[in-house]
Amino acid sequence: MRRVYLDNASTTPMLPEVIETMTDVMTETYGNASSIHYHGRNARTQVESARKLIANTIKASIGEIFFTSTATEAHNMIINCAVRDLGVQHIVTSPTEHHCILHPMEHLRDHHNVQLSILKVDHLGRIDYDELNTILQSSTVKTMLTLMHGNNEIGTMIDLHRVAEICHDTQTLFHCDTVQTIGKFELDVSSTPIAFCAGSAHKFHGPKGVGFVYINGDNQLKPYIMGGAQERNMRAGTENVYGIVGMAKALDLAVQQQDVRKEKILALRQHFVQRMQAELVDISFNGDQEGDYLYNIVSVSFPPSDKIDLLQFNLDISGISASAGSACSSGIESDSHVLTAIGHDDRRKTVRFSLSHLNTMEEIDYVVDKLKTITPAV
Ligand code: PLP
């Protein structure tokens, strides 16, 4: 049976070069990176080379990159430590953030008296920069703004430089969830005042269960996971050497091939959107598609019909993997919190297709042909 994978915002297939690099590390470099003998030193060298590569990619200092298990851990670390160690009493965010951001913030609001302000978003998921400015300017306590660079469900992006400048002017710490954009858009923390951001390897064709956090050197956080002295005391636990090396390899490839991959994905996207618009009835696209947007995400809503409740199921039995919203919400019948925040009509069914450079035109044609048998077609 034919299988088409269009769920790359959930996770991506690993590239053969990454698997090869990791296999070499698993076979040869099995020492504990904290051991001082030959095998340990080899592992340490690999970890530190990976750190240097990741730091160079986002123009950070080596000492500002810490390895974590996932971006979820990284974001939890940032949010909790900013309150605990930096005296943040007010967090400003948007309703369309990932749950690994929203849930720790709600916990801090409910149990630690942290003030939480949620920005408005419009029907495309865009924030209002005037509202942001007003809220940050009028905040009288230490404040952190947490916004995602690109939305994982609808692809809408913030103007990173504009937000960073507003934060800079209002002495606000800026924490940016860059999980979906790392490796797809250039990120330069040396020229954009960002306090914290994070990446997750499996979003850019690397391994699952490994990520990193960037902590700007001006913001000293205390240890989050306590135990050994790994990651300069910040995050205890034996390093996932092959995961870290695999992540660096995957990021290096993503950056080197950024333009070629983007061109390929944009061509696939254009063909996909054009065919759907021409051949399907009453569909709509979610998210901002002007200026900068996450070009790999195509969020489509389909009109109510007899078959529509089984849309997700029918795609799956046709061999097509895509998400109802984010992967975490697939299988749940109600709309995702992101679609709810943008005022989406919940009688319409939404599918998030997310592409990668590994997809082909034939796959896109196959998906549209199948959609025509499942949803109302011209
Ligand atoms: N932030 C965004 C925007 C995401 O899309 C995801 C994963 O879907 C995360 C954070 C969390 O990443 P991970 O599950 O790798 O920890």
GNM result for the chain, Cα springs below 10 Å: residue of 150, 211, 237 fluctuating most strongly: 237
Potential lengthening between residue 229 and residue 118 on full extension [0.36 nm per residue; Cα-Cα distance subtracted]: 36.3 nm
Using alpha carbons only: equivalent-ellipsoid semi-axes of the chain, gyration tensor based, whole Å: 35, 28, 17
5 angstrom amide H check on residue 177, placed H, neighbours 5+ away: 147, 148, 149
Order of 348, 235 under a 10 Å beta carbon neighbour criterion, fewest first: 348, 235
Efficiency of FRET from Cβ geometry, residue 260 and residue 23, R₀ 25 Å, rounded to 0.05: 0.50
Lys/Arg +1, Asp/Glu -1 at C-beta; segment 1-112 dipole; positive extreme among 10, 45, 77: 45
Environment charge at residue 93 (Cβ cut-off 13 Å; Lys +1, Arg +1, Asp -1, Glu -1): -2
Kirkwood Rh and Cα Rg combined as Rg over Rh, evaluated for segment 1-83: 1.06
Approximate shape of segment 260-364 as ellipsoid semi-axes (Cα gyration tensor, √5λ), whole Å, largest first: 22, 16, 14
Footprinting exposure proxy for 10, 284 (fewest neighbouring C-beta atoms within 10 Å first): 284, 10
Top positive-direction residue, dipole computed over the chain with Cβ charges, set 289, 55, 241: 241
Estimated vicinal HN-Hα couplings, Hz - segment 293-302 in sequence order (Karplus 6.51, -1.76, 1.60; Gly, Pro = x): 8, 6, 5, 8, 9, 10, 9, 10, 10, 10
Residue with peak Gaussian network fluctuation, the chain [Cα springs, cutoff 10 Å], from 342, 91, 36: 36
For segment 1-148, with +1 on Lys and Arg beta carbons and -1 on Asp and Glu, the positive-most of 114, 19, 101 along the dipole: 19
For segment 193-334, size of Cβ-based charge dipole, Lys and Arg +1, Asp and Glu -1, in debye: 580 debye
Cα radius of gyration and Dmax for segment 105-211 (Å): 14.6, 43
Kyte-Doolittle at least 1.0, axis length at least 15 Å by Cα - qualifying DSSP helices, the chain: 241-256
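Laboratory data are not the source of any read-out in this text; all were calculated from the coordinates shown. Computed from a prediction, not measured in an experiment: that's the story for all the values here. As a convention, Cβ positions derive from the backbone with ideal geometry for all residues, glycine included, and neighbour counts pool all protein chains shown.
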